[in-house]
């Protein structure tokens with residue numbers, strides 16, 4: 001659990017640094033997200049008069065649910081202690097709980113920006129969540145399980161091979177991950193005061209330690225999605241429980257390498273593409289949903305053939 | 001004996017409703033009736049729960065010399081009936097408790113008090129009935145007493161029309177059920193359920209009975225497209241009755257469907273497993289989209305009932321498909337998921353209607369656009385409503401998630417089915433289910449956010465006061481159940497085992513003996529969920545974060561004006577409203593499903609009138625199905641009207657002609 005917490009800001013910092021380099025800027029140092037968090041944590045909270053307890057409790061719950069969800073994803077080794085507590089559907093639903101609280105907090109102060117953010121976030125989620133679940137369906141039909149560890153183990157096996165539906169599911173999952181993490185074609189993580197912002201509008205009223213928690217939760221979420229993609233579609237190098245320290249260390253090294261590679265790809269993708277209008281997002285996510293459904297259905301066709 | 005005790009409870013409720021007619025005008029009558037109903041339903045709840053948990057004490061049967069003289073009234077208590085009695089009496093007991101506080105604000109108690117216990121006794125009777133005549137009689141009794149409650153405030157605009165539509169649809173449903181039982185009983189006329197069970201109908205007849213049962217029970221439960229009356233009639237009743245109708249009466253309709261299709265109809269055909277989940281999936285998605293478009297809090301909740309009925313029918317349909325393929329374990333899983341959702345929905349829907357009732361008493365408003373900021377004035381109601389919202393949105397660690405998770409697990413077994421149609425269809429239904437779960441979350445962010453959060457939009461919302469402690473007690477009881485059933489689902493699933501065993505011929509593995517109270521429907525390597533562990537981990541992480549931050553970092557708070565990106569807005573009117581919140585979703589789905597059209601009227605430069613946004617939504621099932629049917633009835637009535645004004649010779653000719661035709665039919669028939 002502590003590992004994901006320690007690594008998550010690093011990944012975000014790394015993506016920011018790479019993006020800056022691609023734009024021929026110097027970019028903030030890698031440790032900047034850590035410094036941001038620490039600075040925010042030390043500051044006092046400025047609370048609107050109309051804020052209720054929902055507004056103050058939400059950051060802690062959002063952070064806690066995201067952290068627990070991230071800790072349930074196998075990072076560098078399968079066979080986590082608590083992996084039986086939640087399968088992939090439950091992880092998706094946990095993230096849903098976090099989003100529910102955050103959207104409520106956006107509405108709590110009663111400003112128009114918070115409302116915009118919540119409304120759009122829920123619209124995006126209402127398409128991204130089914131798309132994600134269709135990807136889960138494909139994977140679990142293939143692996144005969146909804147447990148992430150079992151899926152990873154079974155996709156590592158020799159009898160799976162390359163499949164069209166896996167490729168479709170991968171594309172679908174990446175699209176969902178981009179939308180859920182408020183990355184560029186859907187939302188811009190680096191802007192304020194733009195009418196198209198979604199996530200940032202929702203948390204506009206937050207300050208101090210509350211903001212730090214929400215930022216940490218979004219770092220964790222990015223790490224979670226990258227870990228899921230890495231663990232399911234690129235399960236090589238995952239250490240299996242009880243293989244000894246060397247295997248764990250090797251698994252950790254491979255995991256960091258995977259994170260670096262995906263961060264690199266994300267940065268290139270974000271630099272190369274333009275932000276789309278809010279009402280184009282449903283088309284984008286509808287495509288992800290269709291890909292997920294197609295992946296599920298193709299599974300039957302290929303199995304029959 | 002358990003069954004005798006339950007029948008005495010029903011008799012006591014009927015007596016109370018007769019007594020209430022006499023004393024309704026008395027001031028203490030409200031307290032008396034609700035306290036009495038609370039006591040009796042609690043006794044019935046305990047008896048039903050005891051007979052569900054101790055299966056050897058079950059299977060009581062009794063014939064009373066009532067009703068048709070050669071048949072008597074048969075009653076039977078088995079596992080299925082016991083489970084639904086738990087649902088009915090839990091809902092009724094909490095509604096009575098809530099009524100102790102809420103009923104004091106009733107302006108016409110004489111129109112509510114006599115029918116409230118009668119309605120409860122009607123629902124209990126339906127579940128206990130063991131022959132077709134008693135079942136239909138109790139069904140009609142339940143419909144009519146609830147109709148009377150819908151019409152309690154008949155002078156308010158719209159209520160009379162809602163009552164009329166309800167009466168019409170209830171008659172249609174009863175007609176369908178009457179025909180279904182007629183077909184089931186066959187030419188020999190064995191109306192007792194035992195006789196029907198002894199000789200199951202042929203496959204063709206069974207298909208027709210399934211269709212009739214779908215119409216009969218589906219119209220009561222609110223399956224699309226037979227749902228039109230529900231969102232009008234449920235909110236028209238007083239709030240605790242709305243909770244009973246939405247949370248409990250729809251479940252009695254589900255009971256009717258399960259009883260007819262799983263118990264009486266014999267072995268299912270595979271295509272039943274395609275039709276029923278498809279209807280369920282469409283109902284779920286349509287229900288939640290309708291709900292999203294509503295700004296009336298109670299009507300929104302009523303549309304959500306439609307959605308949840310859809311989810312329940314998905315589970316029931318999957319169970320039929322698995323049963324037809326002989327996969328008993330999978331059928332038991334799907335059936336358990338559906339029945340667990342029956343229980344869960346009755347709990348959180350009652351809770352939400354109670355919350356809406358509390359808002360209604362405090363402000364007199366059902367329209368969300370006139371509310372806002374109620375969390376400051378009604379903190380406890382807000383907390384309970386928040387729990388209900390999270391539970392109905394299928395968010396862990398609450399109970400709604402567990403039953404939807406079980407349904408997903410059942411969907412994931414579907415590729416093992418032999419029929420290709422089902423293999424392709426059921427994953428698509430899974431997508432509909434996922435979509436409706438995600439949209440439900442959006443809808444309840446709207447319902448809770450616009451009603452309770454933000455700044456008050458009207459003076460009544462600003463000056464609201466917390467509701468009475470009786471009502472709060474009922475709400476927190478249900479909120480606690482939502483949490484307990486969410487983090488300890490194993491006990492509830494085990495309690496459902498005898499029902500699944502009786503109907504599907506198998507039950508899920510015992511859950512509560514597993515380590516750490518994890519639930520494992522099939523096998524550990526396949527899927528497992530542990531609500532308790534998840535809840536404790538989240539609580540631990542949140543507590544840890546709060547403790548560390550408050551100890552080592554900062555815990556200073558300063559109050560100020562909202563920041564709002566530097567555009568502070570003076571009036572609460574500039575907040576996001578329910579309409580604007582759903583605008584993106586309306587644009588994504590509404591254009592197809594509701595043929596939504598938006599027109600913006602912007603005044604010309606120099607014109608000082610307000611700009612207007614006009615949104616038009618159309619109810620497609622109404623346009624395609626109900627409007628033509630109503631037109632046809634009008635047309636026929638207009639033309640038959642002429643027959644009233646004929647001469648005596650013409651009438652005599654008509655009579656003679658009718659006689660000849662009937663005789664000819666008889667000759668041909670023989």
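Since every read-out is calculated from the coordinates, none of them should be taken as a lab result. Source: prediction; values computed, not measured. Neighbour counts are summed over all protein chains in view; Cβ atoms, including those assigned to glycine, are modelled from backbone coordinates with ideal geometry.
Quick notes on this one:
- Whether segment B:459-556 is rounded, prolate or oblate, judged on the alpha carbon gyration tensor where a/c under 1.5 counts as rounded: oblate
- Here the residues B:420, B:405, B:470, ranked from fewest to most Cβ neighbours within 10 Å of their Cβ, fall in the order B:420, B:470, B:405.
- Each peptide among B:555-564, B:221-230, B:530-539 gets the average number of other Cβ atoms lying within 10 Å of its residues, and from highest to lowest they stand as B:221-230, B:530-539, B:555-564.
- Relative to the longest principal axis of the Cα atoms of chain A, the long axis of helix A:164-180 makes an angle of roughly 10 degrees.
- Three-way shape label, segment B:624-669, alpha-carbon gyration tensor, a/c 1.5: oblate
- One Cα centroid belongs to segment B:401-463, the other to segment B:532-591; the line between them spans 22 Å.
- Calculated P(r) tail over 51 Å for the protein assembly as shown, as whole % of Cα pairs: 21
- Taking only the Cα atoms of chain B, the radius of gyration and Dmax are 26.4, 102 Å.
- Contact order normalised by residue count of segment B:289-385, Cα under 8 Å, 6+ apart, percent: 28
- DSSP beta bridges fully contained in the protein assembly as shown are about 75 percent antiparallel.
- Global geometry of segment B:526-670, whether rounded, prolate or oblate, following the gyration tensor of its Cα atoms and the 1.5 cut on a/c: oblate
- Relative to the longest principal axis of the Cα atoms of chain A, helix A:281-304 runs at roughly 10 degrees.
- The coefficient of translational diffusion for segment A:2-304, derived via Stokes-Einstein from the alpha carbon Kirkwood radius under 20 °C and 1.002 mPa s, stands at 108 µm²/s.
- Estimated from helical segments only, the mean residue ellipticity of the protein assembly as shown at 222 nm is -22000 deg cm²/dmol, where each DSSP H run of four or more residues counts as -39500 (n - 2.57).
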